[in-house]
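**Student:** The structure that follows is given in the form of structure tokens.
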Amino acid sequence: MHSRDFIAQEGAFGAHNYHPLDVVIARARGAWVWDVEGKKYLDCLAAYSAVNQGHCHPKILAALREQAEQCTLTSRAFYNDQLGPFYEQLSSLLGYEKVLPMNTGAEAVETAIKAARRWGYRNKRIADGDAEILVFDGNFHGRTTTIVGFSSDDYYKEHFGPFTPGFRCVAYGDLDAVEQVMSENVVAMLIEPIQGEAGIVMPPKGYLEGLRALADKHNCLLICDEIQAGLGRTGKLLCCQHEDARPDLVILGKALSGGVYPVSAVVGDERVLGVFEPGSHGSTYGGNPLGAAVARAALSVLVDEGMVENSRELGAYALERLQQIDSPHLADVRGLGLWIGLEVKPETGGARPFCEALRDRGLLCKETHDYVIRFAPPLMISREDLDWALEQLEAVLMSPVPAKA
């Protein structure tokens with residue numbers, strides 16, 4: 001079968017809830033992927049930060065194979081010999097007391113919401129049913145009905161209601177707006193330290209520290225969704241570590257397993273995660289031994305192989321080069337670490353034709369929010385491969401606006 005055959009097959013039998021670029025990937029290693037015809041591409045999306053460690057990292061695959069031959073799933077009805085070591089490794093790495101494992105990022109967000117509400121009822125003595133969580137314009141935390149219900153993007157909500165109450169949306173980056181809506185019923189603020197799906201949108205310097213201060217002042221929780229921003233993507237282990245703003249809960253997913261197996265987690269201290277008792281929350285697969293073994297290897301290679309430092313150093317280098325491109329199509333270039341958004345002007349017609357032109361040159365990026373080219377290669381990328389990628393971006397951005405496919 002050729003690429004066109006696989007694309008037609010997906011279109012015929014799959015629900016049309018995605019709009020992929022026309023490339024059919026059959027093999028992947030490190031920062032590179034190959035399509036079914038054998039053409040080679042540099043992956044500069046990294047599965048939305050799920051493969052920060054690179055595709056098919058040999059140490060992560062070895063952990064998967066070894067554990068798959070021993071035990072894959074016990075449910076949480078029994079203990080297993082991988083979960084405890086995973087808990088201790090992640091807790092020690094991030095400096096928190098407790099871990100609650102799930103599978104997908106959206107499940108971890110839902111878990112954090114439940115934890116925050118129960119904490120508010122039991123610690124702030126809020127009347128049952130009155131808890132409120134502050135969220136932010138431009139947010140993207142997942143696709144469940146609860147989560148899309150507090151999105152500020154009407155398209156994500158269209159014909160999916162009715163939605164869960166208890167959320168108030170506030171302007172992103174505006175501390176005064178947060179202060180104005182604070183009340184005794186606010187139990188938490190749920191925020192992305194950098195908004196990924198919104199187009200690599202960065203808050204003002206000191207914003208997270210300001211939120212931390214407001215959380216302390218009003219006795220509510222600060223929850224950071226680090227599913228995309230965390231685990232090295234911005235040049236620190238957690239994006240929130242760029243400021244003195246330790247969250248009460250951190251939500252992790254994607255790169256927690258190096259793109260090999262779905263693993264997510266909520267990390268926090270006993271004073272918050274202690275609100276759960278047996279039977280109050282769970283998941284058949286959450287904390288399974290296969291996922292725990294894979295996550296342990298994924299965390300180890302991220303740290304041991306210096307990928308966080310590589311993101312910081314090469315990210316600063318890439319951002320400086322991209323900001324020097326004198327393209328008539330560019331409106332803005334922004335980012336942190338190896339997470340950069342290149343916003344094209346509205347008159348170009350959008351970012352997708354640029355991504356299609358980059359694909360034709362062997363570079364895979366993806367548009368987000370119509371006008372932003374998201375540039376986020378695996379964190380293990382070499383300087384040589386990065387330079388090649390930057391050359392392709394410069395060539396496309398300095399050419400006439402590509403025709404739409």
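The numbers here are math on the coordinates, done by the rules we state, and not lab data. Quantities reported herein were computed from a predicted structural model and do not represent experimental measurements. All Cβ positions, even for glycine, are placed from backbone atoms using ideal geometry, and neighbour counts span all protein chains on display.
**Student:** Pulled fully out, how much extra length does the chain show between SER183 and CYS169, if you take 0.36 nm times their separation in residues and subtract their Cα-Cα distance? Spell out each step's value before the answer.
**Tutor:** Details: separation 14, 0.36 × 14 = 5.04 nm, distance 1.40 nm.
Separation in residues times 0.36 nm, less the Cα-Cα distance, equals 3.6 nm.
**Student:** Helix 3-13 versus the longest principal axis of the chain: what angle, 0 to 90°, nearest 10, using Cα atoms?
**Tutor:** Value to nearest ten degrees: 40.
**Student:** Would the range 361-405 count as rounded, prolate or oblate if I go by the C-alpha gyration tensor, calling it rounded below 1.5 in a/c and otherwise prolate when a/b exceeds b/c, oblate otherwise? Mind showing how you got there, number by number?
**Tutor:** Values: a/c = 2.57, a/b = 1.45, b/c = 1.78.
Oblate, since a/c reaches 1.5 and b/c is not below a/b.
**Student:** Also, quick follow-up: What does the convex hull of the alpha-carbon atoms of the range 154-281 project to on average, in nm²?
**Tutor:** Working: hull surface 39.5 nm².
With every direction weighted equally, the projected area is 9.9 nm².
**Student:** Return the single residue from GLU391, GLU313, GLU347 with maximal mean-square fluctuation; model: Gaussian network over the chain, springs between Cα atoms under 10 Å.
**Tutor:** GLU347
**Student:** Here is a further query. As an exercise, find the ratio Rg/Rh for the range 80-225 from alpha-carbon atoms, using the Kirkwood inverse-distance average for Rh. Before the final figure, lay out the partial values.
**Tutor:** Values: Rg = 15.9 Å, Rh = 16.3 Å.
Rg/Rh: 0.97.
**Student:** Let me see the P(r) profile for the range 41-164: every Cα-Cα distance counted, bins of 5 Å, each bin given as a percent of all pairs.
**Tutor:** The calculated distribution, bin by bin, is 2, 8, 11, 14, 18, 16, 13, 11, 6, 2, 0, 0.
**Student:** Working from Cα positions, state the angle (0 to 90°, nearest 10) between the long axis of helix 383-397 and the longest principal axis of the chain.
**Tutor:** Result, in degrees: 70.
**Student:** As an exercise, identify the trypsin sites (Lys or Arg not before Pro) in the range 66-172 lying in DSSP coil whose Cβ has no more than 13 other Cβ atoms within 10 Å. Provide the component values of the computation, followed by the final result.
**Tutor:** Values: sites: ARG76, LYS98, LYS114, ARG117, ARG118, ARG122, LYS124, ARG125, ARG143, LYS157, ARG168; in loops: ARG76, ARG125, ARG143.
Counting only loop positions with at most 13 other Cβ atoms within 10 Å, the trypsin sites (Lys or Arg not before Pro) in the range 66-172 are ARG125.
**Student:** Okay, moving on. Once you charge only the Cβ atoms, +1 for Lys and Arg and -1 for Asp and Glu, what is the size of the charge dipole of the range 259-405 about its Cα centre, to the nearest 20 debye? The partial results should precede the final answer.
**Tutor:** On the way: 13 positive and 21 negative charges, 76 e Å.
Taking the Cα centre of the range 259-405 as origin, the dipole is about 360 debye.
**Student:** Determine, for each peptide in 353-366, 184-197, the mean count of other beta carbons within 10 angstrom over its residues, then list the peptides with the highest first.
**Tutor:** On the way: 353-366: 20.3, 184-197: 23.3.
With the highest mean Cβ count within 10 Å placed first, the list reads 184-197, 353-366.
**Student:** With the calculation restricted to Cα positions, what are the radius of gyration and Dmax of the range 194-241 in angstrom?
**Tutor:** Radius of gyration, then largest Cα-Cα span, for the range 194-241: 11.5, 31 Å.
**Student:** How long is the chain along each principal axis, judged by its Cα atoms, biggest number first, in Å?
**Tutor:** In descending order, the Cα extents are 61, 54, 44 Å.
**Student:** What does the charge dipole of the chain about its Cα centre add up to, to the nearest 20 debye, if the Cβ of each Lys and Arg holds +1 and the Cβ of each Asp and Glu holds -1?
**Tutor:** Numbers: 38 positive and 54 negative charges, 135 e Å.
Using only the charged Cβ atoms, the result is roughly 640 debye.
**Student:** Report the one residue of GLY84, ILE113, ILE194 whose Cα lies farthest in the direction of the positive end of the charge dipole of the chain (charges on C-beta: Lys and Arg +1, Asp and Glu -1; origin at the Cα centre).
**Tutor:** In the chain, that residue is GLY84.
**Student:** Next question, about the same structure. To check you understand DSSP bridge types, tell me what percent of the beta bridges within the chain (both residues inside) are antiparallel, rounded to 5. Let's see the in-between values first.
**Tutor:** Details: 30 of 46 bridges.
Percentage antiparallel, nearest 5: 65.
**Student:** With a cut-off of 8 Å between alpha carbons and a minimum separation of six or more residues, what is the relative contact order of the range 58-304 in percent? Before the final figure, lay out each step's value.
**Tutor:** Details: 446 pairs, mean separation 78.6, N = 247.
Across the range 58-304, relative contact order equals 32 percent.
**Student:** Calculate the FRET efficiency for GLU37 and ARG125 from the Cβ-Cβ distance with a Förster distance of 45 Å, rounded to the nearest 0.05.
**Tutor:** The pair GLU37/ARG125 has a calculated efficiency of 0.10.
**Student:** What distance in nm lies between label points placed 7 Å from Cα along the C-beta direction at CYS56 and HIS218?
**Tutor:** 5.0 nm
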